[in-house]
Each structure stands twice: as structure tokens, then as C-alpha cells.
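Encoded as C-alpha cells, the structure appears first; notes follow it.
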Amino acid sequence: MNNIPKVKLGIVSVSRDCFPVELSVERRKAVVKVCTEKSIEIFEANTAVENEKDVLKALQELKASGTNALVVYLGNFGPEGPETILAQKFGGPVMFVAAAEETESNLINGRGDAYCGMLNASYNLALRKLNPYIPEYPVGTPEEIADMVADFETIARILLGLSKLKIFTFGPRPHDFLACNAPIKPLFDLGVEVMENSELDLFEAFNNHKDDPRIPAVIKEMEQELGDGNGYPGILPKLAQYELTLKDWAEDHKGASEYVVFANKCWPAFQTQFGFVPCYVNSRLASIGIPVACETDIYGALSEYIITCATQLPATLLDINNTVPKDMYANNQSKFAGYSLTDLFMGFHCGNTPSCHMKECSMKYQLIMRRLLEPDKEPDISRGTLEGAIRPGDITFFRLQGTADSQLRSYVAEGEIIDVDPKSFGGIGIFAIKEMGRFYRHVLIAGRYPHHGGVAFKHVGKLLFAAMKLLGVSDVAFNQPAAMLYKDENPFK
């Protein structure tokens, strides 16, 4: 994954001057030791912050080390002013955590009262209008703190990625399919750059790549990936040309940004002018950490990128598409055990899911486009999908969306893909999410969400939820009890 940030964690212990600084330092060392044992790389600043001058010394250490995500560790009560100034001046993602007391035999000279200090730290953070990551229960032993640090690393990767992300778009959505249109102002509020382009810009760039000498090498990569599923080898030269077009566009136009994603119009004029469907190329770019959202879905591309940062795995974008027939449910009762029929739905898209997430896959044609554009002939301009069943396993459905009034809202839902043949076309799988019927009505419909959802191929709902809160997304629906900790209106109480 070369399109997501590398998190360089650092830890600074803080100590209120009426408590022994040695207690905070020794507790910090214990946390770092456990992090090392858990293969969590973290820079340990030597300076323990007791006053503002210590803040400046600690910041110098952090800068010299390349630290871009900071753990402020209350080894004891902590100095409220200096510790929050440290967070304010650091300039990157920050987490606050605190030390638990170790033993009943050392509660006089060895008592740190960090449990108390976290309360006053939170108050002072609010005075400075800071919103660091504070775990659900931010006080713990070194082993517990190390696990919190691992979670923070994921959350920090999301925040750092969005702060240096540019979204390229090509073309507007068709008039009869407006669902994913949304204002881009909230993206700038997040620090995300957006560069909107015409389909003509893309078409010109594509034509300029005709006979590109790199095309044969890309074709060979595609042949190796598809193997026996290379059903339409004749379309590979155009697909390779298109892949190089997008990669070069990203490199030539990223400007001051470091990371890029695309949201591209992909039908119906695309097929008649470019001569193929772009789904397989979209899947290949997603597999290297550059999501390409279908149908100019800007917030879909953003959601895929957030997932990619969270999991360090390729993401995909699917329609929350169709119900599971009653006879399919009845004929597979053992595999659907524990789920009602309304907990189930099929996630589908034309063929953009990376091959690494497919149970089996092959190059095919886009059936819906063929019906529209070439119904009475062999597939030609409708070729280019990667089709098959999506592999079973844990998933998280996620979307961050801009509303019509330029607000941000999000949903997170954990579930799984069931190993049952969907018996349909495209890249498709049967998804099971507890209480999906209620989530569908009271979150997706009531929240006016479009049909596209980003799919993470593991359970990362808790971390995505926390990241949305740090980004200032006030309306976050999560189908897990953790949402209750933030006093959100949650239909899954």
C-alpha cells in the first residue's frame, strides 16, 4: 500500500509537579516495553513534561524523530496547562491515556491519581477547543495502554491520510441517476482537496497513451492475475492503456497532496467512446490502495480510502442492492443460522472488487450495459468487468456522506459475507448484518444515504466510529453498543 501514510508514533509522559516525576517516567518506560513486545513501533521522548519549557523540549525531540502521531501519557495526575499546550502545538493526531495503579502494596508513594487527572485534562482540552482521541476507557496497565496505542495508530493513519488527500473526479452523474451527488464544501472542511475534471480531459489523456511502451508489461500483469479467468483477452490492451492513464494523471496532478483517489463517470457514454467498461482497472487500482469509485461517487471514493487506511487492505464499493429470495433463504438454513431474512441482502457492483477479495473471478462483460448499448451482438464495448462471488468472512459496511445542506454524516455496520452462491452476475455476495432491516429503514433511508457503501474486509467499526468523531462528524450511526458511549441516537439500543 503506497498510497496511505506511514504512522510514526511517539509517546510523552507528563507529570504534575507535586507528584514524583520518576513515577510517570517509569510507567512510560513500561508502556514502551510492552509496545515493543507487541511489535508496535513508538518513539519514547526522554523529556517528561512538567511545565511549558518542557513542552518545547519535548516538541523538539518529537520533530527530530519524525513523529507524526502523539500519545500523551498521564503517568500521574499530569499538569493540565502544559499537557494540553503540548497537544495544541504538536500539529498532528493526539491521544490521551492514563496509568492505572499497579498494586495495593504501593498506594502511598506509588499512587499517581491519573484517573483523576484525565478528568481535568479533558476539561482543559475543551478550553483550547481540542478534540484528541480518548479511548472508551482511557486508563490502564501497560498491556492495556499498548492495545490502545495500536488502535490509535489506525485512527491516526486515517486522519493523516485525509489531511493530505486529493480526490480527482471525471464527469458529472447522469440526470436520471443523481443519487451520489453531494456538495464538496464539507470535503474542504476535512482538509481534503478536490479536483473536478471533464470526461474530455480523461478522454484526451487516454488517447495520448495510445501505443504507450509500458502497455505490454501491464497486459502481462493482467494475464497473470486473471489466469484461467481471462475470458476476453482482446480487451486487455485498452484496459492497460486506461490504467496507465489514471496512474500518470495521479502522479502529474497530485500537486501539494500526497495521496489520491478517483471518482469517475463510467457509463453510458464511457463505453461508446472509450470502447470498454473500466471496472477491472478500478479493481486493480483499489488493490494497490488507490480506490476508484464508480459513477462519480466522490464520497464513495472518500469512504473507500478511509477503509483502506483503517485496514491497510484494499476496499471495495458496492450497491446495497437486492433482497435474498425466500427460497434461497429456506434452502440454506444451516448457513444462515442466527439471521432472519431481513438481516440479509446482496451487495453488488459491476466488477470493481479486487481479485484478492473474490472467491473466484473472471473477466466478463457488463450485462446491464450490454442490454442498453449492444443487445443483439457479441459483447464488445461492454467488456471489462471482474465478476464472481465475493469471498466469505467478516466485513464492515461504511460510508461518510455530505448532505444537501453541507453537513457530514456517517454510518458503520459490522457483519459478514455468507458462503452461499448468489446465483447472479457481477461482483456479488450475500451480506448478513444483525438488525439490517431496522438499519436499512431508520439509518439508510431516514438518513437519506445513497445506494453505494464502502466495504472493509474485517471488523473495524469501533475504530471507524472513533475516527468519525475526531473528524467532527456529529451524526454517526453504528450498529454496535459502542455508539452509546457517545450518546448518539442509536436505533440499536
| remark: So, first residue among the charged types (D, E, K, R) in segment 152-180, second residue surrounded by fewer than 20 Cβ atoms within 10 Å (Cβ to Cβ) and not in a loop (DSSP other than H, G, I, E, B), Cβ within less than 7 Å, six or more apart or across chains; the pairs are 166/193; 166/195
| note | A careful count of residues in segment 363-402 that are over 26 Å from residue 180 (Cα atoms) and not in a strand (DSSP E or B) gives 9
| request: Output yes when any residue across segment 292-304 is of a type in the set (D, E, K, R) and either open to solvent by less than 10 Å² (accessible area, probe 1.4 Å) or more than 22 Å from the chain's Cα centre (by Cα) (or both), and no when none is. | output: yes
| remark: The lone condition residue 416 fails out of (1) without any contact (Cβ under 8 Å) to a residue 60 or more places away in the chain; (2) acidic (Asp, Glu); (3) crowded, with 19+ Cβ neighbours inside 10 Å is (3)
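In this structure, is residue 194 part of a strand (DSSP E or B) and open to solvent by less than 60 Å² (accessible area, probe 1.4 Å)? Reasoning before the result, please.
Values: part of a strand (DSSP E or B): yes; open to solvent by less than 60 Å² (accessible area, probe 1.4 Å): yes.
Yes.
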| task | Among the candidates 100, 126, 150, single out the residue that is in contact with a Gly (Cβ under 6 Å, 6 or more places away or on another chain) and farther than 20 Å from residue 58 by Cα. | result | 100
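Scan segment 37-69 residue by residue and report those that are more than 14 Å from residue 10 (Cβ to Cβ) and under 29 Å from the mean Cα position of the chain (by Cα). Spell out the reasoning first.
First, pick out the residues of segment 37-69 that are more than 14 Å from residue 10 (Cβ to Cβ): 37-39, 50-54, 56.
Across segment 37-69, the qualifying residues are 37, 38, 39.
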| said: Can you tell me which of (1) closer than 22 Å to residue 275 by Cα; (2) surrounded by 22 or more Cβ atoms within 10 Å (Cβ to Cβ); (3) of a type in the set (D, E, K, R) is the one residue 378 doesn't meet? | reply: (2)
| query | Mind checking whether some residue in segment 336-350 is open to solvent by 10 Å² or more (accessible area, probe 1.4 Å), under 18 Å from residue 425 (Cα atoms) and in a loop (DSSP other than H, G, I, E, B)? | reply | yes
| query | Can you name every residue in segment 23-36 that is touching a residue at least 40 places away in the same chain (Cβ under 8 Å), under 16 Å from residue 72 (Cα atoms) and open to solvent by less than 40 Å² (accessible area, probe 1.4 Å)? | reply | 23, 24, 25, 27, 28, 30, 31, 35
| query | Within segment 381-405, which residues are open to solvent by 10 Å² or more (accessible area, probe 1.4 Å) and farther than 30 Å from residue 439 by Cβ? | reply | 381, 383
| For segment 204-224, what are the residues that are open to solvent by less than 60 Å² (accessible area, probe 1.4 Å) and either touching a residue at least 24 places away in the same chain (Cβ under 8 Å) or of a type in the set (Phe, Trp, Tyr) (or both)? | 205, 206, 209, 212, 215, 218, 222
| message | Among the residues that make up segment 39-47, is at least one of them under 23 Å from residue 471 (Cβ atoms) and in contact with a strand residue (DSSP E or B) (Cβ under 6 Å, 6 or more places away or on another chain)? | response | no
| remark: From the option list 5, 82, 20, single residue qualifying as in contact (Cβ under 8 Å) with a residue 40 or more places away in the chain, under 30 Å from residue 285 (Cβ atoms) and not aromatic (Phe, Trp, Tyr) is 5
| message | Give me the residue from segment 236-275 that is more than 17 Å from residue 385 (Cβ to Cβ) and in a loop (DSSP other than H, G, I, E, B) and, out of that set, least open to solvent (accessible area, probe 1.4 Å). | response | 257
| said: Quick check on segment 305-331: of everything there that is open to solvent by less than 10 Å² (accessible area, probe 1.4 Å) and of a type in the set (Val, Ile, Thr), which residue is nearest to residue 420 (Cα to Cα)? | reply: 324
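The values are calculated or read from the model by the stated rules, or taken from the named source; none is laboratory data. All values reported here derive from a predicted model rather than from experimental measurement. FYI the Cβ positions are ideal-geometry reconstructions off the backbone, even for glycines, and counts take in every protein chain you see. Calculation scope for accessible area: heavy atoms of the full protein, side chains included, ligands and nucleic acids excluded. Shrake-Rupley method; radii C 1.70, N 1.55, O 1.52, S 1.80 Å.
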